[in-house]
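A.B. asks: One structure is given below, represented as structure tokens, and several questions about it will come after.
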Amino acid sequence: MALTGIQILKMLPKTNCGECGIPTCLAFGMKVAAGQAEIEKCPYVSEEAKATIGEASAPPIRTVKFGGKDAELVIGGETCQFRHEKRFEHGTAIGVVVATGMSDAEVDGRIERFNSLRYERVGVLLKADIIAVRDATGDAGAFTALVQKVLQSAADAKLILITGNVAAMKEGVTACGSRTPLLYGATADNADDMATCAKESGSPLVAIGFILDEAVAVTEKLIAAGLKDLVIDTGARTLRESLEDNIVARRAAVTQKYKPLGFPTIVLPCDMTDDPLLEAMIASVNIAKYAGIVLLSDLQGETLFPLLLEQLNLYTDPQRPMVVEEDVYPVNGPTDEAPVVITCNFSLTYFIVSGEIEGSKVPTWLLIKDTEGLSVLTAWAAGKFGADLIAQFIRKSGIEDKVKHRDLIIPGYLASIKGELEEELPDWKITIGPREAGHLPSFLKEWKPAA
Ligand code: SF4
């Protein structure tokens, strides 16, 4: 059962040293209870307390990681059934299958599309994350060779190894080296051997059933064998079954804390139809309803892009504004005579303003001040975009070394702080820019540095 902040506080050293990054043990305990901090952040808590608190505060759907330490893919970690209750944590990972027995051209095409179909939206790189290598011919040598080919040709692909042959699985895992794969998987028949393989390699393992109940029996067996990092394939091979199984599993894990179903699920639309559009539709339904991973038979821009956007929309925390990093951004190759424009770090503002500047073709330095994702006026009203903070940012940003002039263009909505800002930055002339980003191009084209 979940512990309260006070119960967690009783197990903390109560020295208020602040080394966890939070000023007091009470505040830290509250954050751990709310799932906003990890107990490991306190270096002084006992191992026994760590185990007790970690177990009690673990999310009902376990967080599973694979792909290697440098570029881990994280799935699961979910704590609620509906997004409005809190938020969804880790977006459904999308993967493509390559199999032994496929022609080289087919495999190369899928890998090439995996590498090239990438899209940037509001500063987020949208792409497929997984290549699943399937042993379709029972030839262990061909399977390992295909694993090696994927490792060499797709540098950032996370791998799923699909084989029921334990010896082939071991060879595949060895070939992966530090790029820890997800092993697919353990059935009722080979669970013991696959569990040993997963334990020895430190890889997460998929528990496979023909129906949900059988998947539960396999996860129970694997948990009893000491495995913690599991993914579930409920055996569903129709849209309706996969949707129902995912809902049942999430509800049982979240509302009844039913451990055998407390793992992310993997869904295989690639095995449910030969129609690419129907496959995309099945994937879309399962992204909306709880799949941790969906595997597609191929990647095509017209179906992948909408799936990635759906994933982005569902898994973006609606309570946290999207932000870009505080920095100095060169737009259109600015020199030391280029205008300097400042605005807030709300993603939407950044992309609209930078888009207008880019379109104007005027080389410009765009300064983005951290306003915790608030828009210009809201940030100013909340005291996060005042003259004193802007002045501090200008001094530490390094912009004074990048331009010869001292002319700062502020958003038109901040006209009222012009005088205050000139007092804070006596070397600078403050110019009031337009209120709307759409008026920036003509403004910048006419801009001349102050004499
Ligand atoms: Fe308390 Fe530990 Fe945080 Fe120090 S590091 S304030 S002891 S919780």
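Just so you know, all these numbers are worked out from the coordinates, no wet-lab data involved. A quick note: this is a predicted structure, and the numbers were derived from the prediction, not measured. When we count neighbours, we look across all protein chains shown, and the Cβ atoms used for this are built from the backbone with ideal geometry, even at glycine.
A.B. asks: Within 10 Å of each candidate Cβ there may be at most 15 other Cβ atoms; applying that plus a DSSP loop requirement, which trypsin sites (Lys or Arg not before Pro) in segment 370-430 survive?
C.D. replies: Here the sparse-neighbourhood loop sites are 404.
A.B. asks: Counting other Cβ atoms within 10 Å, which chymotrypsin sites (Phe, Trp or Tyr not before Pro) in segment 36-121 have at most 13 and lie in a DSSP loop?
C.D. replies: Of the chymotrypsin sites (Phe, Trp or Tyr not before Pro), the ones in loops of segment 36-121 whose Cβ has at most 13 other Cβ atoms within 10 Å are 44, 82.
A.B. asks: Next question. Using a simple charge model, +1 on the beta-carbon of Lys and Arg, -1 on the beta-carbon of Asp and Glu, nothing else, what dipole does segment 209-330 show about its Cα centre, in debye to the nearest 20?
C.D. replies: Roughly 700 debye for segment 209-330.
A.B. asks: Would you mind checking which residues have amide H under 5 Å from residue 232's amide H? H placed 1.01 Å from N; only 5 or more apart, or other chain.
C.D. replies: Residues meeting the amide H criterion: 207, 265, 266.
A.B. asks: Compute the acute angle (0 to 90°) between the alpha-carbon long axis of helix 239-255 and the principal axis of greatest extent of the alpha-carbon atoms of the chain; round to the nearest 10°.
C.D. replies: 80 degrees
A.B. asks: When Lys and Arg each count +1 and Asp and Glu each count -1, what net charge do the other residues less than 14 Å away from residue 166, Cβ to Cβ, add up to?
C.D. replies: -4
A.B. asks: Which whole-Hz ³J(HN,Hα) couplings does segment 191-198 yield from phi under the Karplus relation 6.51 cos²θ - 1.76 cosθ + 1.60, θ = phi - 60°, glycine and proline marked x?
C.D. replies: Computed from phi, the couplings for segment 191-198 are 4, 5, 5, 5, 5, 5, 4, 5 Hz.
A.B. asks: Return the whole-Å distance between the Cα centroid of segment 390-451 and the Cα centroid of segment 100-122.
C.D. replies: Taking the Cα centre of segment 100-122 as reference, the centre of segment 390-451 is 46 Å away.
A.B. asks: Taking Cα atoms, how many degrees apart are the long axis of helix 104-116 and the longest axis of the chain, rounded to 10 and kept between 0 and 90?
C.D. replies: For helix 104-116, the angle is close to 30 degrees.
A.B. asks: Right, next: Take 340, 74, 124 and order them by how many other Cβ atoms sit within 10 Å, fewest up front.
C.D. replies: Fewest-to-most Cβ neighbours within 10 Å comes out as 124, 74, 340.
A.B. asks: With the contact rule set at Cα under 8 Å and sequence spacing of 6 or more, what percent relative contact order holds for the chain?
C.D. replies: 11 percent
A.B. asks: Check residue 329: other-chain or 5+ apart residues with amide H under 5 Å from its amide H, H built from backbone geometry?
C.D. replies: Amide H to amide H, under 5 Å and 5 or more residues apart or across chains, residue 329 pairs with 366, 367, 368.
A.B. asks: Still on this model: Could you work out how far the C-alpha centroid of segment 226-291 sits from that of segment 1-53, in angstrom?
C.D. replies: Using only Cα atoms to place each centre, the spacing works out to 34 Å.
A.B. asks: Quick one: which residues, 5+ away or cross-chain, put their amide H under 5 Å from the amide H of residue 132? H built at 1.01 Å from N.
C.D. replies: Correct list: 96, 97, 98, 160.
A.B. asks: If you don't mind, there's one more thing I want to ask. Would you give the gap between the C-alpha center of segment 330-346 and the C-alpha center of segment 152-225, rounded to a whole Å?
C.D. replies: 50 Å
A.B. asks: List the relative contact order of segment 122-225 as a percent without decimals, with contacts defined as Cα pairs under 8 Å and 6+ residues apart.
C.D. replies: 21 percent
A.B. asks: As a footprinting exposure proxy, order 377, 277 by other Cβ within 10 Å, with the fewest listed first.
C.D. replies: Ascending number of Cβ neighbours within 10 Å: 277, 377.
A.B. asks: Using +1 on the beta carbon of Lys and Arg, -1 on that of Asp and Glu, and nothing else charged, what's the dipole of the chain about the Cα centre, debye to 20?
C.D. replies: Dipole size: approximately 1000 debye.
A.B. asks: As a quick test, which of the pairs 228/369; 418/445; 10/384; 149/199; 384/445 have an alpha carbon distance above 32 angstrom in this structure?
C.D. replies: 228/369; 10/384
A.B. asks: While we're here: Taking square-rooted eigenvalues a ≥ b ≥ c of the alpha carbon gyration tensor, is segment 24-159 rounded, prolate or oblate, where a/c under 1.5 means rounded and, failing that, a/b exceeding b/c means prolate?
C.D. replies: prolate
A.B. asks: Turning to a different aspect of this structure: Through the Karplus equation 6.51 cos²θ - 1.76 cosθ + 1.60, θ set to phi - 60°, convert the phi angles of segment 394-401 into ³J(HN,Hα) values in whole Hz; use x for Gly and Pro.
C.D. replies: Running phi through 6.51 cos²θ - 1.76 cosθ + 1.60 with θ = phi - 60° gives 4, 5, 8, 6, x, 5, 5, 8 Hz.
A.B. asks: Still on this structure, I have one more. Sort 197, 25, 80, 344 so that the residue with the fewest other Cβ atoms within 10 Å of its own Cβ comes first and the one with the most comes last.
C.D. replies: If I rank by nearby Cβ atoms, fewest first, I get 80, 197, 25, 344.
A.B. asks: For segment 263-334, state which GluC sites (Glu not before Pro) are in a DSSP loop and have at most 16 other beta carbons lying within 10 Å of their beta carbon.
C.D. replies: Sites meeting the loop and neighbour criteria: 325, 326.
A.B. asks: Could you give me the ³J(HN,Hα) list for segment 163-175, computed from phi with Karplus coefficients 6.51, -1.76, 1.60 and θ = phi - 60°, whole Hz, x at Gly and Pro?
C.D. replies: Whole-Hz 3J(HN,Hα) from phi for segment 163-175: 7, x, 8, 5, 5, 5, 4, 4, 5, x, 4, 4, 4.
A.B. asks: Quick one: angle between helix 140-153 and the longest Cα principal axis of the chain, in degrees between 0 and 90, rounded to 10, please.
C.D. replies: The two axes meet at around 0 degrees.
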